[in-house]
């Protein structure tokens with residue numbers, strides 16, 4: 001049986017990961033906003049060309065990409081000498097997400113993010129769960145990993 005594998009994204013992954021991003025976007029609170037392939041490609045390019053600032057990881061089962069993440073390294077807006085990783089998205093394929101495999105895939109991506117963050121000298125990793133896609137499950141997942149709630153994500157459609 002194939003094992004889950006986490007790697008940095010590569011140019012050859014672009015179309016598959018774009019398709020997953022489009023699926024995740026279509027399930028999110030923001031699905032009424034047109035998906036921009038150009039903006040996705042810009043973010044994807046960041047991970048390829050600025051790997052010390054932007055992280056793109058994929059999780060695969062055999063040759064099938066079943067999830068990805070996008071994160072960036074920055075500072076604290078009113079602090080000195082702080083490096084903080086902000087995780088913009090962790091997306092798992094819908095057909096995988098509800099199975100045990102989905103949790104394992106998300107866990108592998110989370111661990112990969114933290115390994116990269118430590119290697120980049122970051123002090124904190126902030127996971128933004130703002131898609132509105134099953135926030136209860138996201139909360140349970142992150143709490144099981146020992147993470148604390150720093151506040152909340154609230155939104156209103158105008």
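Data table
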read-out	value
Verdict on residue 43 being loosely packed, with under 12 Cβ neighbours inside 10 Å and either in contact with a strand residue (DSSP E or B) (Cβ under 9 Å, 6 or more places away or on another chain) or closer than 25 Å to residue 157 by Cα (or both)	no
Residue ID - modelled with the highest pLDDT, chosen from residues in segment 125-158 that are in contact with a strand residue (DSSP E or B) (Cβ under 8 Å, 6 or more places away or on another chain) and assigned to a loop (DSSP other than H, G, I, E, B)	147
Condition check for residue 48: over 15 Å from the mean Cα position of the chain (by Cα), in a helix (DSSP H, G or I) and either without any contact (Cβ under 8 Å) to a residue 12 or more places away in the chain or on the phi < 0 side of the Ramachandran plot (or both)	yes
The listed residue being at pLDDT below 95, within 15 Å of the chain's Cα centre (by Cα) and over 30 Å from residue 156 (Cβ atoms), out of 103, 62, 56	103
Residue in segment 118-127 that is without any contact (Cβ under 8 Å) to a residue 40 or more places away in the chain, closer than 19 Å to residue 3 by Cβ and more than 10 Å from the chain's Cα centre (by Cα) present	no
Among (1) assigned to a helix (DSSP H, G or I); (2) at pLDDT 85 or above; (3) farther than 25 Å from residue 33 by Cα - the single one residue 95 does not satisfy	(3)
Conditions (1) farther than 25 Å from residue 40 by Cβ; (2) in contact with a strand residue (DSSP E or B) (Cβ under 9 Å, 6 or more places away or on another chain); (3) not in a helix (DSSP H, G or I); number of the one not met by residue 103	(3)
Hits in segment 16-36 (condition: more than 17 Å from the chain's Cα centre (by Cα) and part of a helix (DSSP H, G or I))	none
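The values are calculated or read from the model by the stated rules, or taken from the named source; none is laboratory data. Computed from a predicted model, the values in this text were never measured in an experiment. All Cβ positions, glycine included, derive from the backbone under ideal geometry; neighbour counts span all protein chains shown.
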